[in-house]
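Structure first, commentary second.
Nothing in this text is a laboratory measurement; each read-out follows from the coordinates by a stated rule. Just so we're clear, the structure is a prediction, and the values are computed from it rather than from any experiment. Cβ placement follows ideal geometry from the backbone for every residue including glycine, while neighbour counts extend to all protein chains displayed.
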Amino acid sequence: MTTTATENYRAARDQLLALRGEHARAVAEFSWPDLGDRFNWAHDWFDAYARDDQGTALWIAEADGSEARYTFAEVVRRSDQVARWLSSVGVGRGDRVVLMLGNQVQLWESMLAVMKLGAVIMPTTTALGPADLVDRIERGGAAHVVANAVDTPKFAGVPGDYTRIAVGDPVEGWLPYAAADEVDDAPVEHPGTAPGDPLLLYFTSGTTSRPKLVEHTQVSYPLGHLSTVYWLGLQPGDVHLNISSPGWAKHAWSCFFAPWITGATIYLYNYARFDAPALLDRIRSAGVTTFCAPPTVWRMLIQADLSGGPGALREVIAAGEPLNPEVISQVEK
């Protein structure tokens, strides 16, 4: 369903797409859109354009050569299903939901599903152990947890009255995420969230002190990352690859919001051990057009054989820390 918020959001996005490469004009002419007093990115943006779109929304490739693709329409339908099932087991507007998943389709469909209910997403890296989880459940006020079956033992000693939902194999005491497969996939009702309502709760990395809890509203990421679309150089129909781990903010910026603001394909390559030649092969064979990675990845990539050329790459970005001039020079060659 198209709303005034949808139309204003689209106009702002399209303006930035048109001004790509004209930074001075973008700074002078762009203004943040008025989204009114009710906004929910999953309903007012994603569903509004994606419900009947048969283009590829998500493309997940594995190191063993297997892969899976999901259309925008499939993601809309599946997230409606998951949202209805989550609602049936008690997830409601304002509830805080830990999502502790890897680069797997359930992460994307559950992020949309939680959003559609007006609940609050707490992205959580699978690298956390029980002690960190105790802290996050307590300080974050989590009411529900969605985790892979393999990670459920980490919660055995984590106190709290929270719903436990397991993805994958059945786990005693945990509800099976697969039960959502049997639920109706009719569109979910808009939860009536206001722009200032909470959408995401992140914990900082805690590099120099105890991790801090940071709240983001219904617009700070969904609207704010129009700027990320601009700086990544994304265009509708692009195939975008971002090297980032779920649970951290960069993953939401470049593996969720920015590509789907644009209508681009999110491409994921899952590997157990980084292999620069294999990643370059994937970039070329998948026709990746936009690529973002931290400097550590770029430094390893330039050690590989680059004679195969850039493939379909049009935009490349380094993020996270300054990139060495010698790396930039090597990539330019």
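For the chain, DSSP calls about 25 percent of its internal beta bridges antiparallel.
For the chain, the C-alpha radius of gyration divided by 2.2 N^0.38 Å, with N the number of residues, is 0.99. Need the C-alpha centroid separation for the stretch 129-175 versus the stretch 99-119, integer Å. Measuring centre to centre over Cα atoms gives 15 Å.
In order along the stretch 288-305, the Karplus-derived 3J(HN,Hα) couplings, from 6.51 cos²θ - 1.76 cosθ + 1.60 at θ = phi - 60°, round to 4, 9, 10, 9, 10, 8, x, x, 4, 5, 4, 5, 7, 4, 6, 7, 8, 6 Hz, and Gly and Pro are given as x.
By the gyration tensor of its Cα atoms, with a ≥ b ≥ c the square roots of the eigenvalues, what is the shape of the stretch 167-221: rounded for a/c under 1.5, prolate for a/b over b/c, or oblate? Because a/c hits 1.5 or more and a/b fails to exceed b/c, the stretch 167-221 counts as oblate. Only helices enter this figure: runs of n ≥ 4 DSSP H residues, each worth -39500 (n - 2.57), summed and divided by the residues of the chain, yield -9000 deg cm²/dmol at 222 nm to the nearest 500. Here the stretch 1-137 carries DSSP beta bridges of which approximately 55% are antiparallel, counting only pairs with both residues inside. Taking the Cα centre of the chain as reference, the dipole from Cβ charges on Lys and Arg (+1) and Asp and Glu (-1) amounts to some 640 debye.
Can you give the Rg to Rh ratio for the stretch 1-103, taking only C-alpha atoms and Rh from Kirkwood?
Rounded to two decimals, Rg over Rh is 1.05.
Comparing Pro195, Pro153, Pro246 in a Gaussian network model of the chain (Cα springs below 10 Å), the most mobile by mean-square fluctuation is Pro153.
Around the amide H of Leu268, modelled in the peptide plane, lie the amide H atoms of Trp59, Ile60, Ala61, all under 5 Å away and 5 or more residues distant in sequence or on another chain.
Working from Cα pairs under 8 Å separated by at least six residues, relative contact order for the stretch 224-333 is 28 percent. Model label sites at Glu172 and Glu62, defined 7 Å from Cα along the beta-carbon direction, differ in position by 2.8 nm. Between the listed residues Leu323, Tyr162, Ser79, the Cα displaced farthest toward the positive end of the dipole of the chain, a dipole computed from Cβ unit charges relative to the Cα centre, is found at Leu323. When a/c reaches 1.5 or more, the comparison of a/b and b/c decides; with that in mind, is the stretch 84-148 rounded, prolate or oblate per its Cα gyration tensor? Because a/c hits 1.5 or more and a/b fails to exceed b/c, the stretch 84-148 counts as oblate. Using the Cβ-Cβ distance between Leu313 and Ala28 with R0 = 41 Å, the FRET efficiency computed as 1/(1 + (r/R0)^6) comes to roughly 0.85.
Below 8 Å between Cα atoms, with a sequence gap of 6+, how large is the relative contact order for the chain in percent?
17 percent.
Distance from the alpha carbon centroid of the stretch 257-271 to that of the stretch 190-246 works out to 14 angstrom. Computed over the stretch 125-224, the range of Cα coordinates on each principal axis works out to 43, 38, 21 Å, biggest value leading. Considering only Cα atoms, the convex hull volume of the stretch 45-176 works out to 109 Å³ per residue.
Structural descriptor for the stretch 72-221: relative contact order 26 percent, calculated from alpha carbon pairs under 8 angstrom and at least 6 residues apart. For the stretch 149-280, just say rounded, prolate or oblate: build the C-alpha gyration tensor, square-root its eigenvalues into a ≥ b ≥ c, call rounded for a/c under 1.5, and beyond that prolate if a/b exceeds b/c, oblate if not. The shape class here is rounded. Kirkwood Rh over alpha-carbon pairs of the stretch 224-333, then Stokes-Einstein at 25 °C and 0.890 mPa s: what D in µm² s⁻¹, rounded to an integer? D = 173 µm²/s. In straight-distance terms, cross-link reach from Lys250 covers every one of the lysines whose alpha-carbon lies under 27 Å from its own, apart from those fewer than eight places away in the same chain; here that gives Lys116, Lys154, Lys212.
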